[in-house]
Amino acid sequence: MQLLKLSETVNFMRLRIPAMVLSTILILGSFVSLGVNSLNWGLDFTGGTLIEVGYEDAANLEGIRAQLNEANFEDAIVQNFGSSQDVLIRIAPRDGVKAVTIGEQVLAALRADGTAVDMRRIEFVGPNVGEELTEQGGLAMLVALLCILVYVAMRFEWRFALGSVSALAHDVILTLGLFSVLQIEFDLTVLAAVLAVIGYSLNDTIVVCDRIRENFRKIRKGEPVEIINISLTQTLNRTIITSLTTVLVLVALFYKGGALIHGFATALLFGVVVGTYSSVYIASSVALALGISKEDLMPPQVEKEGADLDPMP
Amino acid sequence: MLNKNSIWKVLSALIVVAVCALYALPNIYGEDHAVQISAGRDAVVTDATVEQVKAALSEKNISPKRVEFENEQILVRVSDSDTQLITRETLEKVLGDDYYVAMNLAPDTPEWLEELGGTPMKLGLDLRGGVHFLMEVDMTEVITKSLEDAESGFRTSLREEGIRYRGVKQIDDHIDITFRDEDALDKAEFFLRNQSRDLTFNQVDDLTLRAIFAESKLQEIRDNAVKQNITIIRNRVNQLGVAEPLVQKQGADRIVVQLPGIQDTARAKEILNATATLEFRMVDQKNDIRDALNGRVPPGSQVIEDQQGIPQLLEKRIMLTGSHIIDANSGVDEYGLPNVNISLDSEGGNKMSRSTRGNIGKPMATVFIEYKSTGERNDDGKLVFEKHEQVISVATIRAQLGSKFQITGLDSPKEARDLALLLRAGALIAPIQIVEERTVGPSLGKENIELGMQAIMYGLAAVLVFMLIYYKAFGVVANIALITNLVMIVGIMSMIPGATLTLPGMAGIVLTVGMAVDANVLIFERIREEMRDGRSPQQAIHQGYDSAFSTILDANITTFLAGLILFAVGTGPIKGFSITLMIGIATSMFTAILVTRVIVNAVWGGKRVEKLAI
């Protein structure tokens, strides 16, 4: 069985200008949304208290809000989480050590009228911890991108390095943009997912770059655009199949993994799709725009590749 | 002939997979409900204790699955949670206060496997329920205290040396010593420089010398504060009787405390958060308390109220601090009044006997010091702590005190018990503040595991079916590799002592399942390409594996690199995720390249093959 039977080279690069325009618009859109809406930062970043409780029957959110109002938690955000019985309550950070006991106070307030309330989790994060985390998360992302840039530049060529890092940055920005537009809560697991998107997208990009390099060395004639088209066509089946299997498990995670992991699965699902697109269009387009040529990729003397290969007809 | 397996390749693949599978095995045995008994300060667990436990259980008609005695702890395994409750109650009654009896879940790993070092994966609190605290040590307070010590040291040594000074004062992060003339300053500077190497001295003006802690000393003070707090918190956690607690340093001034299975956070916090210490000081009898209350407090003294609110004039000089206390028990004295019996370490004993020798017949005060948050924050966003001092007893020194003595004058037996507990657990030398707290209910933890497992199963099934349809016989090979890969991840996670499986970690495994086939897809697509170009099956296999190799290597090394950075910079869930990701990358490369090659060679290699089912 074969997914796509490609007898001819697909002219991917014909669409590179529209793709670039599309990506630029999306990136700008993401920036605008991040600027206007910002991200819906989760507790891990903002600090505060989060309480998840379970009711035996469908929970009455209005009633809970009234109960909390009475207990002086006017700022509480009350919403369903996962199912109609599970309720998530968020309370902004307050000054003072009392913040630590807020969880117990809220629980006491909810149980005051004798309702059976099951404590599922209570999390309290001080504002300082959140601030540090934001810095750390951002730093982790930048360091990761930088190290990748250096490694790819060493192993391949600086134009490819810039191309793959642009593709990665593209994916990260769009994923953040999606979270900003949809106002999905951005917590630590989502951050982990964004970092995983970097890993996935990188994997994809390297495979494509690797093939382009190989073909530059192997194919004697041909413009860079043609060689890139040939390489993309050759790797297309693999790109789609890997994305497909990954998407398959992510869909399982999205539907079966539980509410806590929803953000994680959403970020990765989107990231995998965008990552697949960017490895085809962004990485190679950028390398092309930077003027990649055959000479740049000829192997240094010691490379073993090509020695035992016949030139392609 | 192409594609023949070398023996060492087959053997090494087999051995690696077998070892991983062996260590993954403990995870399928599940867990026993258990009760864990450990000794308190005054007791030891011996074979006799084991017999006592067994006797108590048979009397109550409880038949445990196993009673284990190891590492000075007894573990009683029972069949269900109800029996577990009864067992705990029974044993608590029989053993009394000298032992800590805690409920626990013990892995039901067979003994032969345990002997090989096999243990199941450690589950994070999000998967098993419990409390996680992140605490911060208040360093300003620690440093101020050290400066105060140095301050009184200066007074004493200058006096002993006969150097006249006008005043010694601790301000913010330094101590200013003022003199009457430059001559005295020069002499003092020369003397103090030699004596106190931890401090740097600068002349601020003609008559003032300023002392500041050297950077190395500050570092040492901070490290010690965190270390001592960790020791003390560990002691306190033991008093709570928690099974498998974790107390660990994080960053420069933070401590992570994880208490699996604990639900009563209020009690845990009360015990952990109590920041208290004791000081023994002489009552100042040379000066009049009335003058002090009118605002003329002598420079070497201080007014502190006692529990009834009556002010006492005490010397500032501290005879002994609570850090020398090694044990404290509550009891009653000959008049039936509550007291606390204190034992000191040898250094503390020496100090005590030296300072009480010349003071027999004079009153000595015990001061209880507690740090309480005011609820306010300073400019750096740190919580402000207030020092609360209270005289809890004034007793006349009847004889020279040694390393054992009593504190009397307590209000109630309960107060004596609480004080003894605090003293026994050691006094926190620096205030700590909970900056993060996460409690996960046991039902949610269980649900998280179930949902995570389900996701893995469904995802895995989908990928297996897809690969089988798409690559036929080679799909079977890839599927074997995929399952081997999962087993290896579990095995390695169980082998690494520090690795903990968390919810994001499970997500990492799910992701790995999806991505693990990538290497095989790359190889198989190459083989197909080679076949399309008209190569023989044998050559196609050979060429396919060969030319895919460098691609796989490059792609995985870069992703691994990303994982490594996450591990280095990240905390908590990010670390958990990056560990599984890195392990997943390593194992998937091993299985996709080596394991499948061994299978492919064994099935198709070394013979004439007309057509490949790929």
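Among residues that are out of contact with any helix residue (DSSP H, G or I) (no Cβ under 8 Å at 6 or more places or on another chain) and modelled with pLDDT of 85 or more, B:R159 is not included. Summed over segment B:170-181, residues that are modelled with pLDDT under 85 and loosely packed, with under 13 Cβ neighbours inside 10 Å total 3.
Residues in segment B:1-59 that are of a type outside the set (D, E, K, R), farther than 30 Å from B:Y545 by Cβ and free of Cβ contacts under 8 Å to residues at least 40 places away in the same chain: 9 in all. Among the residues of segment B:182-215, those that are under 13 Å from B:S146 (Cα atoms) and at pLDDT 85 or above comprise B:L199, B:A211, B:I212, B:F213, B:A214. Scanning segment B:177-196 for residues that are more than 44 Å from the chain's Cα centre (by Cα) and in a loop (DSSP other than H, G, I, E, B) yields B:F179, B:R180, B:D181.
Out of the residues in segment A:250-301 meeting the condition of being free of Cβ contacts under 8 Å to residues at least 12 places away in the same chain and not in a helix (DSSP H, G or I), tell me which one is nearest to the other protein chains (Cβ to nearest Cβ). The extreme case among them is A:G257.
Count of segment A:187-210 residues, restricted to those that are under 23 Å from A:I230 (Cβ atoms), within 7 Å of chain B (Cβ to nearest Cβ) and touching a residue at least 60 places away in the same chain (Cβ under 8 Å), is 1. Of the numbered criteria (1) touching a strand residue (DSSP E or B) at 6+ places or on another chain (Cβ under 9 Å); (2) surrounded by fewer than 17 Cβ atoms within 10 Å (Cβ to Cβ), the one A:Q136 fails is (1).
Each row is one residue, and each column tells you yes or no for (1) in a helix (DSSP H, G or I); (2) more than 10 Å from every other protein chain (Cβ to nearest Cβ); (3) within 29 Å of the chain's Cα centre (by Cα); (4) buried (at least 20 other Cβ atoms within 10 Å of the Cβ).
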residue	(1), (2), (3), (4)
B:E450	yes, no, yes, no
B:A455	yes, no, no, yes
B:V463	yes, no, no, yes
B:F474	yes, yes, no, yes
B:N479	yes, yes, no, yes
B:L486	yes, yes, no, yes
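Identify, from the list A:V152, A:V125, A:V143, A:V129, the residue that is under 18 Å from A:A76 (Cβ atoms), within 25 Å of the chain's Cα centre (by Cα) and at the interface with another protein chain (Cβ under 9 Å from one of its Cβ atoms). So the residue among A:V152, A:V125, A:V143, A:V129 that is under 18 Å from A:A76 (Cβ atoms), within 25 Å of the chain's Cα centre (by Cα) and at the interface with another protein chain (Cβ under 9 Å from one of its Cβ atoms) is A:V125.
Does segment B:111-119 include one or more residues that are touching a strand residue (DSSP E or B) at 6+ places or on another chain (Cβ under 8 Å) and either within 27 Å of B:Y29 (Cα to Cα) or buried (at least 17 other Cβ atoms within 10 Å of the Cβ) (or both)? Taking every residue of segment B:111-119 in turn, at least one turns out to be touching a strand residue (DSSP E or B) at 6+ places or on another chain (Cβ under 8 Å) and either within 27 Å of B:Y29 (Cα to Cα) or buried (at least 17 other Cβ atoms within 10 Å of the Cβ) (or both). Among the residues of segment B:127-140, not one is buried (at least 24 other Cβ atoms within 10 Å of the Cβ) and modelled with pLDDT under 85.
Do we find a residue being out of contact with any His (no Cβ under 8 Å at 6 or more places or on another chain) and aliphatic (A, V, I, L, M) anywhere in segment B:77-84? Looking through segment B:77-84, none of the residues is out of contact with any His (no Cβ under 8 Å at 6 or more places or on another chain) and aliphatic (A, V, I, L, M).
Against the test of being of a type in the set (D, E, K, R) and under 21 Å from the mean Cα position of the chain (by Cα), the options A:E74, A:E135 yield a single qualifying residue, A:E135. Taken across segment A:211-231, residues that are at pLDDT 90 or above, farther than 20 Å from A:W158 by Cα and aliphatic (A, V, I, L, M) do occur, with at least one present. Kindly check whether there is at least one residue in segment A:50-70 that is of a type outside the set (D, E), modelled with pLDDT under 85 and out of contact with any His (no Cβ under 7 Å at 6 or more places or on another chain). No; the residues of segment A:50-70 include none that is of a type outside the set (D, E), modelled with pLDDT under 85 and out of contact with any His (no Cβ under 7 Å at 6 or more places or on another chain). Restricting B:N3, B:N27 to those that are more than 28 Å from the chain's Cα centre (by Cα) and not aliphatic (A, V, I, L, M) reduces the list to B:N3.
Selection over segment B:39-61 of residues that are modelled with pLDDT under 85 and buried (at least 18 other Cβ atoms within 10 Å of the Cβ) gives a count of 2. All told, B:A268 falls short of being closer than 30 Å to B:P363 by Cα, part of a helix (DSSP H, G or I), at pLDDT 70 or above and not β-branched (V, I, T). Looking across B:L259, B:L209, one residue alone is under 38 Å from the mean Cα position of the chain (by Cα) and part of a strand (DSSP E or B). It is B:L259. For segment A:62-96, filtered to residues that are among the aliphatic types (A, V, I, L, M) and without any contact (Cβ under 8 Å) to a residue 24 or more places away in the chain, the residue that is nearest to A:L43 (Cα to Cα) is A:I77. Scan segment A:228-240 for residues that are touching a residue at least 60 places away in the same chain (Cβ under 8 Å) and farther than 13 Å from B:R526 by Cβ and the total you get is 7. When A:G275, A:G257, A:G291, A:G263 are screened for being small (G, A, S), closer than 18 Å to A:Y200 by Cα and at pLDDT below 90, only A:G263 passes.
When segment B:80-108 is filtered for residues that are at pLDDT below 85 and hydroxyl-bearing (S, T, Y), the ones remaining, listed by number, are B:S81, B:Y99, B:Y100.
Output yes when any residue across segment A:92-107 is exposed (fewer than 15 other Cβ atoms within 10 Å of the Cβ) and in a helix (DSSP H, G or I), and no when none is. Yes: segment A:92-107 contains one or more residues that are exposed (fewer than 15 other Cβ atoms within 10 Å of the Cβ) and in a helix (DSSP H, G or I).
The values are calculated or read from the model by the stated rules, or taken from the named source; none is laboratory data. Just so it is clear, the model here is predicted, and its values are computed rather than measured. Neighbour counts run over all protein chains shown; Cβ positions are idealised from the backbone, glycine included.
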